[in-house]
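Q: This is the structure, below, for whatever I ask next.
Every number in this text was worked out from the coordinates using simple rules, so none of it is lab data. Since this is a predicted model, take the numbers as computed values, not measurements. Because the Cβ atoms are built from the backbone with ideal geometry, glycine has one as well, and the counts that use them run over all protein chains shown.
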Amino acid sequence: MSFEFIKKLPTPEEIKEEYPMPEELREIKRKRDEEISAVIKGESSRFLVIIGPCSADSEDPVCDYISRLAPVAEKVKDKLIIIPRIYTNKPRTTGEGYKGIVHQPDPEGKTDFTKGIMAMRKMHIRAISETSLTAADEMLYPDNWGYVSDILSYVAIGARSVEDQQHRIVVSGFDVASGMKNPTSGDLSVMLNSLVAAQDPHSFVYRGYQVRTSGNPLAHTILRGSVNKHGNNLPNYHYEDLALLAEKYAERELKNPACIVDANHSNSGKKYKEQIRIVKEVIHSRKHNKDIKTLVKGVMIESYLVEGAQKISNNMVYGQSITDPCLGWQDTEKLIYDIAELIV
């Protein structure tokens with residue numbers, strides 16, 4: 001019935017010193033941040049595609065996946081900005097199951113946050129070094145920002161975290177595009193309230209300091225569907241949903257109105273193949289409504305080398321998800337080219 005303090009973790013400064021971001025990679029990130037920022041601000045017509053494994057559970061297959069993504073990203077760069085998902089924290093509804101590489105650097109091993117933080121940073125830096133693609137990650141623990149502040153180009157706040165005051169105000173200090181998902185209830189006002197908090201400056205206690213933030217004008221919404229009281233999935237990617245969100249944005253004085261549509265989770269009912277259809281429907285909706293086109297800046301897709309999902313075992317399939325099921329590489333590559341062809 002109490003806390004057991006096992007060991008003190010290294011500070012972000014100590015981890016960054018041990019695994020530094022090379023100067024040439026800092027410049028890559030700076031340019032990528034500017035490009036993504038221009039999309040969120042409405043200064044660029046390029047479309048964001050945030051894509052990759054549900055959870056980045058192992059360095060080699062994740063970097064293999066991103067190395068395949070890189071040449072595709074180069075071919076579509078005039079229309080799309082590809083942001084690989086390297087999600088190193090995995091929220092769990094009940095608190096049970098694999099929670100990501102930060103918890104378990106070895107999915108079959110025990111929890112070790114020190115090794116996990118090092119593994120997280122090492123994987124992100126390797127991916128940038130090999131592909132020049134800076135990534136997105138979910139900020140499950142706001143205190144972890146310092147470990148990745150110099151390597152991430154996109155941050156997502158999950159459906160279970162978006163109502164939390166600490167998550168909201170910590171995002172106000174981020175300097176990159178930060179997506180706030182709708183809560184599992186689907187209440188748009190909760191999501192929009194989180195934007196007000198994230199975009200405004202705040203004073204609060206953070207990692208043992210009194211801090212003040214300047215506000216994050218790049219904070220925006222992510223629609224991921226919801227669940228009703230009976231546990232049924234309710235999608236919110238349809239034309240009417242996007243038009244409603246555009247109206248809600250217009251009612252508020254929010255900076256840089258922008259939305260990303262998450263094609264998986266409750267929008268697909270975790271039927272991963274449905275992501276292909278959902279993405280194309282979202283693009284179709286953008287063509288028929290200028291407000292939707294202005295608002296919807298991109299999509300989020302879960303994919304990996306091998307489609308589907310598997311349980312953790314001592315004989316796992318290389319490049320297949322150990323959490324939610326994902327699209328396989330063949331479908332992923334085709335979908336990206338289709339998006340580039342359809343987007344206007």
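Q: Between Cys54, Leu192, Leu305, whose Cα lies farthest towards the positive end of the dipole of the chain when Lys and Arg beta carbons carry +1 and Asp and Glu beta carbons carry -1, centred on the Cα centre?
A: Going by the Cα projections, it comes out as Leu192.
Q: Any idea what the alpha-carbon Rg over 2.2 N^0.38 Å comes to for segment 98-237?
A: 1.12
Q: Another question, if that's okay. Under 5 Å between amide hydrogens, which residues at least 5 positions from Lys181 or on another chain qualify, with H placed 1.01 Å from N in the peptide plane?
A: Under 5 Å from the amide H of Lys181 lie the amide H atoms of Ile157, Ile222, each far enough along the sequence or on another chain.
Q: Between Ser129 and Lys273, what FRET efficiency comes out of the Förster formula 1/(1 + (r/R0)^6) with R0 = 25 Å and r the beta carbon distance, rounded to 0.05?
A: Once rounded, the FRET efficiency stands at 0.15.
Q: Taking a cut-off of 14 Å between Cα atoms, list the aspartates and glutamates near Lys16, but don't count ones fewer than 8 places away on the same chain.
A: Asp150
Q: Of the chain, which part is the longest with no trypsin sites (Lys or Arg not before Pro) in a loop (DSSP not H, G, I, E, B) and with at most 10 other C-beta atoms within 10 angstrom?
A: 111-228
Q: May I ask you to list the lysines whose Cα is less than 22 Å away from that of Lys110, ignoring any residue fewer than eight positions away on the same chain?
A: Lys7, Lys8, Lys90, Lys99, Lys122, Lys311
Q: Now for a different question. What are the chymotrypsin sites (Phe, Trp or Tyr not before Pro) within segment 267-344 that DSSP puts in a loop, where the Cβ has at most 14 other Cβ atoms within 10 Å?
A: Tyr318
Q: Also, I was wondering about something else. Would you work out the charge dipole size for the chain about its Cα centre, treating the Cβ of every Lys and Arg as +1 and the Cβ of every Asp and Glu as -1, and quote it to the nearest 20 debye?
A: Using Cβ point charges on Lys, Arg, Asp and Glu, the chain gives about 500 debye.
Q: While we're looking at this one, here's another question. Taking amide hydrogens as modeled 1.01 Å from N in the peptide plane, which residues meet the under 5 Å criterion relative to Leu234, leaving out close sequence neighbours?
A: Counting only residues 5 or more places away or on other chains, the set is Ser226, Val227, Asn228.
Q: So, one more: What is the diffusion coefficient of segment 251-344 in µm²/s, taking the Kirkwood radius over Cα pairs and the Stokes-Einstein relation at 10 °C with a viscosity of 1.306 mPa s?
A: 109
Q: With just the Cα atoms of segment 13-342, tell me how far they stretch along each of the three principal axes, in Å, largest first.
A: 48, 47, 45
Q: Straight-line reach from Lys229: which lysines have Cα under 21 Å away, leaving out those fewer than 8 places along the same chain?
A: Output for Lys229: Lys181, Lys270, Lys271.
Q: How many angstrom lie between the Cα centre of segment 285-303 and the Cα centre of segment 191-257?
A: 16
Q: Ok, one more. What are the principal axis extents of the Cα atoms in segment 19-137, in Å, biggest first?
A: So the three principal-axis extents are 45, 33, 24 Å.
Q: Using θ = phi - 60° and the Karplus relation 6.51 cos²θ - 1.76 cosθ + 1.60, list the HN-Hα couplings for segment 106-117 in order, rounded to whole Hz, with x at every Gly or Pro.
A: 10, x, 8, x, 8, 5, 8, 5, 4, 5, x, 5
Q: Here's a follow-up. Kindly provide the helix-only [θ] at 222 nm of the chain, computed as the sum of -39,500 (n - 2.57) over DSSP H runs of four or more divided by all residues, to the nearest 500 deg cm²/dmol?
A: Calculated from helices alone, the mean residue ellipticity at 222 nm is -12000 deg cm²/dmol.
Q: From the backbone phi of segment 272-278, what are the Karplus-calculated ³J(HN,Hα) couplings (6.51 cos²θ - 1.76 cosθ + 1.60, θ = phi - 60°) in whole Hz, Gly and Pro given as x?
A: 4, 5, 5, 4, 4, 5, 4
Q: Within the chain, what percent of beta bridges assigned by DSSP are antiparallel, to the nearest 5?
A: Rounded to the nearest five, the antiparallel share is 20 percent.
Q: Starting at the first residue of segment 299-305, write each ³J(HN,Hα) from the Karplus equation 6.51 cos²θ - 1.76 cosθ + 1.60 with θ = phi - 60°, in whole Hz, x for Gly and Pro.
A: Each residue of segment 299-305 in turn: 9, 10, 9, 9, 8, 8, 5 Hz.
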